[in-house]
Amino acid sequence: MAQKFSLFLVGGSGTKVRQLRISRGQCILLALLTLTLLSVIGYGMWDYVSIGREAARNSALQRELALRNEEVTLQRRQIQKFAREIDLLKERIVTLDQFEERIRILANLDQRDQQEGLFGVGGSAPEDLSPELDITRDHQQLMRRMHAQVRQLDNAAARRSGSFATLVEKLEERKNILAHTPAIRPAQGWVTSSFEYRRNPFTGKREFHRGMDIANRKGTPVVATADGVVSFIGERGAFGTLMVIDHGYGFTTRYAHLEKGLKQKGDRVQRGEVMAKMGSSGRSTGPHLHYEVRLNGVPVNPENYILN
């Protein structure tokens, strides 16, 4: 006979209300159902908690991904900005190169070797970059081109630095040459005799006059016609009181018939500086200045060296 169990349902007053009789198999089945139900409830709760954790983790990943996307977008915009700046820098270097070429032409300086140009052999500038890309596109190719052009610009800048240094040196030399080249009138007055054949007022013979005579009142200021150094001051026969200035580069100037010199031998003078007074010393018919320009010791026409 199968073993059975009795269940008594008791009311609140303690009296028996109802009696249930279940078999052992039913009891086991009930226990299994209860265990299954508890397992399902437990799995559901665990799955709910797992889904919550996964959702939180996914939310965090989405926020991190969004942040990374913003960083990538910002980096790509910066890359595009650098690309535009590289194009602008390249244009400026090319402009400076053309400006240097014009200066060399205007100053009549030696031209650069055209075989080795600004950006290497041939000298042609690299093509402009294309910074206006879609922000979502890959910028790797643009970055490679940027790195290549930065190296080219660095080499071009190094070439220009050396070229500009040479240019400045040559311009300084040219400036120095110009400063030491006679270029102005030595005194105010009237030209009474030029660089030409004339009849000597004392001998009456026809002879070549190796300078120019400027007549004016005694004491009229006489100025240096270029930068230089006084190489002689004193009496020199028919020239009377004579001053000679050595300007370098083969140029010397002579100022004769002076009343007096205001500089001593070895003094430096600058163009336009008063360094003597007009007079009538030596063999002279009246107050005037005899002015000579010599190049490598040979007299040349002074009027060719008067620009004012």
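At-a-glance table
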{"item": "Residue within segment 99-106 that is farther than 30 Å from Met143 by Cα, surrounded by 13 or more Cβ atoms within 10 Å (Cβ to Cβ), in contact with a helix residue (DSSP H, G or I) (Cβ under 7 Å, 6 or more places away or on another chain) and of a type in the set (Asp, Glu) present", "result": "yes"}
{"item": "Residue check for Ile79: touching a Pro at 6+ places or on another chain (Cβ under 9 Å), farther than 30 Å from Thr166 by Cα and part of a helix (DSSP H, G or I)", "result": "yes"}
{"item": "Checklist (1) at pLDDT 95 or above; (2) of a type outside the set (A, V, I, L, M, F, W, C); (3) over 18 Å from Pro302 (Cβ atoms); (4) surrounded by fewer than 21 Cβ atoms within 10 Å (Cβ to Cβ) applied to Arg283, failing item", "result": "(1)"}
{"item": "Filtered residues of segment 152-184 (kept if touching a residue at least 60 places away in the same chain (Cβ under 8 Å) and either within 30 Å of Val222 (Cβ to Cβ) or not in a helix (DSSP H, G or I) (or both))", "result": "Arg174, Ile177, Ala179, His180, Thr181, Pro182, Ala183, Ile184"}
{"item": "Sole residue being modelled with pLDDT of 95 or more, part of a strand (DSSP E or B), in the same structural domain as Ala215 (by TED's automatic domain parsing) and within 42 Å of the chain's Cα centre (by Cα), chosen from Val244, Val229, Val293", "result": "Val229"}
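The values are calculated or read from the model by the stated rules, or taken from the named source; none is laboratory data. Quick caveat: nothing in here was measured; it's all calculated off a predicted structure. Note that each Cβ is placed from the backbone with ideal geometry, even for glycine, and that neighbours are counted across all protein chains shown.
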